[in-house]
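Right, one structure below, let's go through it.
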Amino acid sequence: MAAASSSDSEGDRAESSEASSKWLDAHYDPMANIHTFSACLVLADLHGDGEYKLAVGDLGPSGRQPCLKVLKGPTVLAESALPALPAAAAAFLMGQHEPRTPALALASGPCVYVYKNLRPYFKFSLPQLPPNPLEQDLWNQAKEMSLPGVPVFLEVSGQFDVAFRLAAACRNGNIYILRRDCKRPKYCIELSTQPVGLVLAHKVLVVGSTQDNLHGFTHKGKRLWTVHMPAAILTMNLLEQRSRGLQAVMAGLANGEVRIYHDKALLNVIRTPDAVTSLCFGRYGREDNTLIVTTRGGGLIIKILKRTAVFAEGAGEVGPPPAQAMKLNVPRKTRLYVDQTLREREAGTAMHRTFQTDLYLLRLRAARAYVRALESSLNPVSATAREPLKLHAVVQGLGPTFKLTLHLQNTSTARPILGLLVCFLYNEVLYALPRAFFKVPLLVPGLNYPLETFVESLSDKGISDIIKVLVLREGQSAPLLSAHINMPVSEGLAAA
């Protein structure tokens, strides 16, 4: 019965976590044997039947046996060997006639292979073959654009015939932004480290760096924000939910998390069993919002976004408050502030010396007071390791009779303490105690022992004094602990 109840509770927790999640777990295969990255994942209607397939440029185990895989749902529909490792894949329309079936372009080695209806259609060898005459003018215009470094990530926005922007992240750690009719980069973004991803979302360039940071930049190179990641960024891609007009950035981390950001606001966190190597979001099968994730061990994860799911800013994790990004209304500099600044600038050395002198005197006085407390055992915690004790006192009552309770505790881990004495030193003209000296019972480690006694105030002048409490060891004159109790004024005698 206990095992059944525990399994039921685990099932209830799983169901509640699934209900609270924004994603449906459609498929998970840790042995799918898919090794790729985000640039080699494409979702397209390759047969024109409305059923979107997943085309994967697979690197193969350990970078061997590269191939092109086409998946329909969780199963592999077709597989073709490649002569070299794939670099990128894209789907495009080759003509205007109906039905408009997209073709698949796959970059592998020095060639670009074009597949139509999952069959080889064209092979472009980039260095040797001349460009198509219809594209000669476009290549001539593009040829005039040059970059100071080797590009590794590209993001394009706009239309070629009207106006477009090209952002290129290069191996020299810079991001160059080019415009139409510009032979040289218009703007340059200098990064302190190498980029690991580049995504354009809502006119904001989101860059991932090797310092585990996400940076947001404008097209003019102005930094907007920076968000630190809990682990290294392995891959990035765009999440576009067209039904709600949402564009967000997905970042796959080495700790197995997929974090979704809208600008710097965290929308959602997806945890996977392994480090994420590639991400792809779009229409798969007949579902519009499907997330494809591959892991370092070759696993394949397919998740479907719920139709009722709404991404809210700050729903993923608690981050810095929005007020942190607000600019402060700093008042204008007054004449007094300017004069004070000039004085500090002129007499800065003397002010620093004065501050250091006062600081040294403060440290000296604190050290002397500490030594006096140790010599007179005024510390409420004993300084010796043989008798680790702690003492504090509580006074209760209005007078003329007060209840004095001493709380004595043995702070050692395993050794009890025996043979202690408690002694009270006080002014016999002002106070009277039934016992000014008594023995302490055996102190067990960790327990708090309340020792109670009564103090009677003898003065009717409304004055008070200090009562000293000493904790002694039998046969020793120096106290182990001492406490000075400031007795309150007896309100009973004052009222009388």
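Quick check on segment 239-255: of everything there that is at pLDDT 90 or above and either more than 23 Å from residue 153 (Cβ to Cβ) or touching a Phe, Trp or Tyr at 6+ places or on another chain (Cβ under 9 Å) (or both), which residue is surrounded by the fewest Cβ atoms within 10 Å (Cβ to Cβ)?
248
For segment 269-291, how many residues are farther than 26 Å from residue 49 by Cβ, open to solvent by 20 Å² or more (accessible area, probe 1.4 Å), part of a strand (DSSP E or B) and not hydroxyl-bearing (Ser, Thr, Tyr)?
Residues flagged as farther than 26 Å from residue 49 by Cβ, open to solvent by 20 Å² or more (accessible area, probe 1.4 Å), part of a strand (DSSP E or B) and not hydroxyl-bearing (Ser, Thr, Tyr) within segment 269-291 amount to 2.
What number of residues in segment 19-51 are part of a strand (DSSP E or B) and open to solvent by less than 20 Å² (accessible area, probe 1.4 Å)?
Step one: of segment 19-51, the residues part of a strand (DSSP E or B) are 23-29, 41-44.
If we keep only those that are open to solvent by less than 20 Å² (accessible area, probe 1.4 Å) too, we end up with 23, 41-42, 44.
Final tally of qualifying residues: 4.
Could you list, in sequence order, the residues of segment 60-74 that are open to solvent by 40 Å² or more (accessible area, probe 1.4 Å) and within 25 Å of residue 238 (Cα to Cα)?
If the condition is that a residue be open to solvent by 40 Å² or more (accessible area, probe 1.4 Å) and within 25 Å of residue 238 (Cα to Cα), then 72, 74 are the ones that fit.
Tell me, yes or no, whether segment 379-395 has at least one residue that is farther than 17 Å from residue 488 by Cβ and in contact with a helix residue (DSSP H, G or I) (Cβ under 8 Å, 6 or more places away or on another chain). Walk me through it before giving the result.
Of segment 379-395, the ones farther than 17 Å from residue 488 by Cβ are 379-391.
Then drop every residue that is not in contact with a helix residue (DSSP H, G or I) (Cβ under 8 Å, 6 or more places away or on another chain), which leaves 379, 383.
There is at least one residue in segment 379-395 that is farther than 17 Å from residue 488 by Cβ and in contact with a helix residue (DSSP H, G or I) (Cβ under 8 Å, 6 or more places away or on another chain).
Does segment 186-197 contain any residue that is open to solvent by 30 Å² or more (accessible area, probe 1.4 Å), outside any strand (DSSP E or B), farther than 30 Å from residue 30 by Cα and in contact (Cβ under 8 Å) with a residue 24 or more places away in the chain?
Checked segment 186-197: no residue is open to solvent by 30 Å² or more (accessible area, probe 1.4 Å), outside any strand (DSSP E or B), farther than 30 Å from residue 30 by Cα and in contact (Cβ under 8 Å) with a residue 24 or more places away in the chain.
Any idea which of (1) touching a residue at least 60 places away in the same chain (Cβ under 8 Å); (2) surrounded by fewer than 14 Cβ atoms within 10 Å (Cβ to Cβ); (3) in a strand (DSSP E or B) is the one residue 54 doesn't satisfy?
Condition (2) is where residue 54 drops out.
Which ones in segment 202-220 are in a strand (DSSP E or B) and open to solvent by 10 Å² or more (accessible area, probe 1.4 Å)?
Let us first name the residues in segment 202-220 that are in a strand (DSSP E or B), namely 204-209, 213-217.
Those that are in a strand (DSSP E or B) and open to solvent by 10 Å² or more (accessible area, probe 1.4 Å): 204, 213, 215.
Would you confirm whether any residue within segment 232-241 is in a loop (DSSP other than H, G, I, E, B), in contact with a strand residue (DSSP E or B) (Cβ under 6 Å, 6 or more places away or on another chain) and not β-branched (Val, Ile, Thr)?
Going residue by residue through segment 232-241, those that are in a loop (DSSP other than H, G, I, E, B) are 232.
Narrowing the set further to residues that are in contact with a strand residue (DSSP E or B) (Cβ under 6 Å, 6 or more places away or on another chain) leaves none.
No, the conditions are met nowhere in segment 232-241.
Consider residue 261 against the criteria (1) within 26 Å of residue 163 (Cα to Cα); (2) assigned to a strand (DSSP E or B): it satisfies all of them except one. Which criterion is unmet?
(1)
Run down 310, 276 and say which single residue is within 19 Å of residue 232 (Cα to Cα), out of contact with any Asp or Glu (no Cβ under 7 Å at 6 or more places or on another chain) and among the aliphatic types (A, V, I, L, M).
Working: 310 fails: within 19 Å of residue 232 (Cα to Cα).
Going through 310, 276 in turn, the sole match is 276.
With the requirement that a residue be open to solvent by 40 Å² or more (accessible area, probe 1.4 Å) and farther than 25 Å from residue 397 by Cβ, what does segment 442-475 give you?
If the condition is that a residue be open to solvent by 40 Å² or more (accessible area, probe 1.4 Å) and farther than 25 Å from residue 397 by Cβ, then 442, 444, 446, 447, 473, 474, 475 are the ones that fit.
Quick check: anything in segment 94-102 hydroxyl-bearing (Ser, Thr, Tyr) and in contact with a Pro (Cβ under 8 Å, 6 or more places away or on another chain)? Explain how you work it out, then say what you get.
Taking segment 94-102 and keeping what is hydroxyl-bearing (Ser, Thr, Tyr), we get 101.
Then keep just the ones that are in contact with a Pro (Cβ under 8 Å, 6 or more places away or on another chain); that gives none.
No - not one qualifying residue is present in segment 94-102.
So how many residues does segment 476-485 have that are open to solvent by 30 Å² or more (accessible area, probe 1.4 Å) and of a type in the set (Gly, Ala, Ser)? Steps first, please.
Narrowing segment 476-485 to residues open to solvent by 30 Å² or more (accessible area, probe 1.4 Å): 476-479, 484.
Applying the additional criterion that residues be of a type in the set (Gly, Ala, Ser) yields 477-478.
Matching residues across segment 476-485 total 2.
In segment 410-462, how many are over 58 Å from the mean Cα position of the chain (by Cα) and without any contact (Cβ under 8 Å) to a residue 12 or more places away in the chain?
2
The values are calculated or read from the model by the stated rules, or taken from the named source; none is laboratory data. Fair warning: this is a prediction, and the values are worked out from it, not measured in the lab. No Cβ is skipped: glycine too gets one built from the backbone with ideal geometry, and neighbour counts run over all protein chains shown. When the accessible area is computed, the model is the full protein with side chains, heavy atoms only, and any ligands, DNA or RNA have been set aside. Shrake-Rupley method; radii C 1.70, N 1.55, O 1.52, S 1.80 Å.
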